[in-house]
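**Q** Have a look at this one.
Taken together, the values in this text are just the output of simple stated rules run on the coordinates, not laboratory data. This one's a predicted model, so the numbers in the text were calculated from it and none came from an experiment. Glycine also receives a Cβ, built like all others from the backbone with ideal geometry; neighbour counts cover every protein chain displayed.
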Amino acid sequence: MSQSDRPEAPSPATVANGSSVAATTARVENPAATATISSSLRLRLNPNKEHRAEEYEDLQLEYCPAIFTALESYLPPSMLNTRREDKAKFMHDILAKYMPRTEQTRIQKLRAYRLRIIANYRPLYRELYTLNPTAFFVPAFVKAINENTEQSFRSIISEPSPGIFTFQMLQPRICELFLSEIENFEKFVAETKFRIMRPNIMNKYGVVLDDFGLGPMLEKLMEGFIRPLSRVFFPEIGSSLDSHHGFVVEYGKDKAVDMGFHVDDSEVTLNVCLGKEFSGGELFFRGTRCEKHVNTSTYTEEYFGYSHKPGRAVLHRGRHRRGAKATTSGHRVNLLLWCRSSVFREVKRYQNDCSSWCGECSKTKKERQNSLITATKSVLLAKKGESTS
Ligand SMILES: [Zn+2]
């Protein structure tokens, strides 16, 4: 089984993990940065909730400006009202300790690559680049998200198999606009002979939406719409989704035929069918697994097949093992949003016990509990037998 479905785009930066960002220990990957930093350089454990953080968009920064805004309320009290440049420098020095130089170089290169595309590519439909919920989504979906309760979500979302959620999401018109925009971008790539990066090693047909300006829209989609669903449906991840990788995949003649068995490099995956006309292409699911159990067999109750319908979304954990059957005719285009959580990944590194969300781990845990109950029962019965005899 292929487990290396890693994207060519960046994985999330392991920075700004709330209170865990304290620059007291040095990382060996970045000796240049550590040499200039005093060990007293640290953030507060809890943010100053009254503080209004500044915007950093207009400064030339090595890291994403949003990180600086998010981090600002964790600054030491004496720093909060100093010059914006000084705060940026302070936070930059801390961030530099947490991101190896190679990672910084990779991100810089990616940013330059994206800027080059955006400077040359002229979007067809500007309205796709800013998320307007009523134009994008079907009314029931908008209503459920606004109500933001498990009950409202359950009223429009079905869970045909544990951990797999399906719902009507995109307006037909928006699907059409997306299809035209993607076609237009592919045309631009072909005409200009621009060498683009494909979504990941398993998807050679498709484009990364973040590369040509759709990143901010997708970030809003994750923050405002997927995060609330994740909080309810994937408790171990909760509201911690903090970065994404968005792309489309294309199946059909002269495109990919099927998709091998795999797991994603994401915590939560949103998969929406954009169209067009097609037959085949069903997804087959085979249960969620942790790294240790990724190749274990599938239990009967974990087998599930899903047929795509334009505008309809399927939401599941990235570790839900699956593949796509051959698209036998027509042309199928799907939008994928891999949502990631740096907090979840960090916590997982220190976890030794089994994962509640892994089918194999929970099975083992249940069996252990059952045998414990049986053993306790027999001890108690034996005791009872002794006392009554
Ligand atoms: Zn497991």
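**Q** At a 10 Å Cβ-Cβ cut-off, how would you order CYS339, CYS290, CYS358, fewest neighbours first?
**A** Ranked by crowding around the Cβ, least crowded first: CYS290, CYS358, CYS339.
**Q** How far apart, in nm, are two points set 7 Å out from the Cα along the Cα-to-Cβ line at PHE261 and at THR69?
**A** About 4.5 nm separates the two model spin labels.
**Q** Follow-up question, since we're still on this one. Considering the chain as a Gaussian network with a 10 Å cut-off on Cα pairs, which listed residue, ALA190, ALA144, ALA375, attains the greatest mean-square fluctuation?
**A** ALA375
**Q** Still on this structure, please answer the following. Any idea what diffusion coefficient the chain gets from Stokes-Einstein, in µm²/s, Kirkwood Rh on alpha carbon pairs, 20 °C, 1.002 mPa s?
**A** For the chosen part, D equals 92 µm²/s.
**Q** What is the Cα centroid distance between segment 52-94 and segment 132-181, reported in whole angstrom?
**A** Comparing the Cα centres of segment 52-94 and segment 132-181, I get a distance of 36 Å.
**Q** In debye to the nearest 20, how big a dipole does segment 121-348 give about its Cα centre with +1 on each Lys and Arg Cβ and -1 on each Asp and Glu Cβ?
**A** Using Cβ point charges on Lys, Arg, Asp and Glu, segment 121-348 gives about 280 debye.
**Q** Ok, one more. What's the Cα-based Rg to Rh of segment 121-348, Rh via Kirkwood?
**A** Ratio of gyration radius to Kirkwood radius for segment 121-348: 0.94.
**Q** No partner Cβ under 4.7 angstrom, meaning no disulfide-compatible partner by this rule: which Cys of the chain qualify?
**A** That list is CYS64, CYS175, CYS273, CYS339.
**Q** What are the DSSP H helices in the chain that stretch 20 Å or more along their long axis, judged by alpha-carbon atoms, and whose average Kyte-Doolittle hydropathy comes to at least -0.5? Don't jump to the answer; show the numbers that get you there.
**A** Details: long enough: 84-98 (21 Å, -0.97); 101-120 (29 Å, -0.92); 172-192 (30 Å, 0.05); 359-388 (43 Å, -0.87).
Both cut-offs are met by 172-192.
**Q** If you average the sequence gap of Cα pairs under 8 Å that are 6 or more apart and divide by the length of the chain, what percent do you get for the contact order?
**A** 18 percent
**Q** Say the dipole of segment 209-319 comes from +1 at the beta carbon of Lys and Arg and -1 at that of Asp and Glu; which of TYR299, GLY213, PRO228 then lies farthest toward its positive end?
**A** TYR299
**Q** While we're on this one: Whole percent per 5 Å bin, from 0 to the bin with the longest distance: what is P(r) over all C-alpha pairs of segment 226-275?
**A** 4, 15, 21, 23, 15, 11, 7, 3, 0
**Q** So what's the net charge close to SER155: Lys and Arg +1, Asp and Glu -1, counting the other residues with Cβ under 12 Å from its Cβ?
**A** Numbers: positive: LYS143, ARG154; negative: GLU147, GLU150.
My count for the surroundings of SER155 gives 0.
**Q** For the chain, with a Gaussian network of springs between Cα atoms less than 10 Å apart, report the residue from ARG84, ARG126, ARG195 with the top mean-square fluctuation.
**A** Among ARG84, ARG126, ARG195, the largest GNM mean-square fluctuation belongs to ARG195.
**Q** What ranking do ILE373, ILE145, ILE226 get, fewest neighbouring Cβ atoms within 10 angstrom at the top? Before the final figure, lay out the partial values.
**A** Values: ILE373 10, ILE145 18, ILE226 21.
Least crowded to most crowded, the residues run ILE373, ILE145, ILE226.
**Q** If the chain between ALA190 and ALA326 were fully stretched, how many nm would it gain, using 0.36 nm times the residue separation less the Cα-Cα distance? Show your work: numbers first, answer last.
**A** Details: separation 136, 0.36 × 136 = 48.96 nm, distance 2.60 nm.
That works out to 46.4 nm of additional length.
**Q** Under the rule of -39500 (n - 2.57) per DSSP H run of 4 or more residues, summed and divided by the residues of the chain, what mean residue ellipticity at 222 nm is obtained, to the nearest 500 deg cm²/dmol? All intermediate terms of the calculation are to be shown ahead of the outcome.
**A** On the way: 12 runs with 140 residues, N = 389.
That calculation yields -11000 deg cm²/dmol at 222 nm.
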